[in-house]
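Comments concern the structure below.
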Amino acid sequence: MQSGRVAPDPGGTGMPTVSFALRVNSQPCELMIEPRVTLLDALLDRLLLTGTKRGCDHGQCGACTVLVDGRRVLACLTLAVACQGKDVTTIEGIAAPSDLHPLQRAFIEHDALQCGFCTSGQIMSAIGCIQEGHAGSDDELREFMSGNICRCAAYPNIIRAIRQVVMEKTVGGDASI
């Protein structure tokens, strides 16, 4: 960790806390937490951003996928303090509620969700795949989305939704995905 202030634990657990700044969904944020707190716990419990889901808590399901400086990370395996000075984007930060992100619209149009539990992680991972240039074919998408598990097995529809957005981006020239 670079420059963070270590303070006594206000919660009385005996663990020191660290104060650090980051940006969450383009908003500056100051956190004072124990160094062992994961990004997922900080998002859910401290910032009350509940769109990111806790699935397995072992980095195996992808439900907690968020973007840190534009790259996909599993929030359950990432320490919050490792995000000091970085930009964290969650599902709440990709679009205004009244104006859905193109992937959100495509997921709805292609019925790419059933129970919806994995959807935020799927969408965040899809944004990452497109930005990383890993959306050239269905096989490539399946490979690079393989860390995101859908219990309902909506995989064909998820791929169709992502392909639609990739095609719209290619035809329309929209570079902001």
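Since every read-out is calculated from the coordinates, none of them should be taken as a lab result. What you see is a predicted model, and the numbers here were worked out from it, not measured in a lab. Cβ coordinates were reconstructed from backbone atoms using ideal geometry, including for glycine residues, and neighbour counts include every protein chain displayed.
Starting from the Cα gyration tensor of segment 102-171, multiply each eigenvalue by 5, take the square root, and state the resulting semi-axes largest first in whole Å.
Taking √(5λ) for each Cα gyration eigenvalue gives 17, 13, 10 Å.
Around Cys61, under 12 Å between beta carbons, what's the net of Lys plus Arg minus Asp minus Glu among the other residues?
+2
Give, as a single signed number, the net charge of other residues whose beta carbon lies under 13 Å from the beta carbon of Arg23, with Lys and Arg counted +1 and Asp and Glu -1.
-2
Using a Förster distance of 41 Å, how high is the FRET efficiency between Glu168 and Arg23, based on the Cβ-Cβ distance and rounded to 0.05?
E(calc), rounded to 0.05, equals 0.90.
Send over the semi-axes of segment 87-126's equivalent ellipsoid, whole angstrom and largest first, taken as the square roots of 5 times the C-alpha gyration tensor eigenvalues.
17, 13, 8
Points 7 angstrom from Cα along the Cβ direction at Asp138 and Asp87: gap in nanometres?
Distance between the two pseudo-spin positions: 3.4 nm.
For the chain, with the dipole built from +1 on Lys and Arg beta-carbon atoms and -1 on Asp and Glu ones, taken about the Cα centre, which of Val37, Ala126, Ser146 lies farthest toward the positive end?
Val37
Helix 119-132 versus the longest principal axis of the chain: what is the Cα-based angle in degrees, 0 to 90, to the nearest 10?
80 degrees
Take the Cα gyration tensor of segment 44-176, multiply each eigenvalue by 5, square-root it, and list the three semi-axes largest first, rounded to whole angstrom.
22, 17, 15
Between Asp57 and Glu30, what is 0.36 nm times their sequence separation minus the Cα-Cα distance? Round to one decimal in nm.
Length gained, Asp57 through Glu30: 7.3 nm.
Search the structure for amide H atoms under 5 Å from the amide H of Asn25, placed 1.01 Å from N in the peptide plane, and list their residues when 5 or more places away or on another chain.
Answer set, sorted by chain and number: Val88, Thr89, Thr90.
With axes computed from alpha carbons, what is the tilt in degrees of helix 155-172 against the longest principal axis of the chain, rounded to the nearest 10 within 0 to 90?
Tilt relative to the chain: about 80 degrees.
If each residue's Cβ is checked for other Cβ atoms within 10 Å, how do Leu77, Leu44, Leu22 rank with the fewest at the top?
Sorted ascending by nearby Cβ count, the order is Leu77, Leu44, Leu22.
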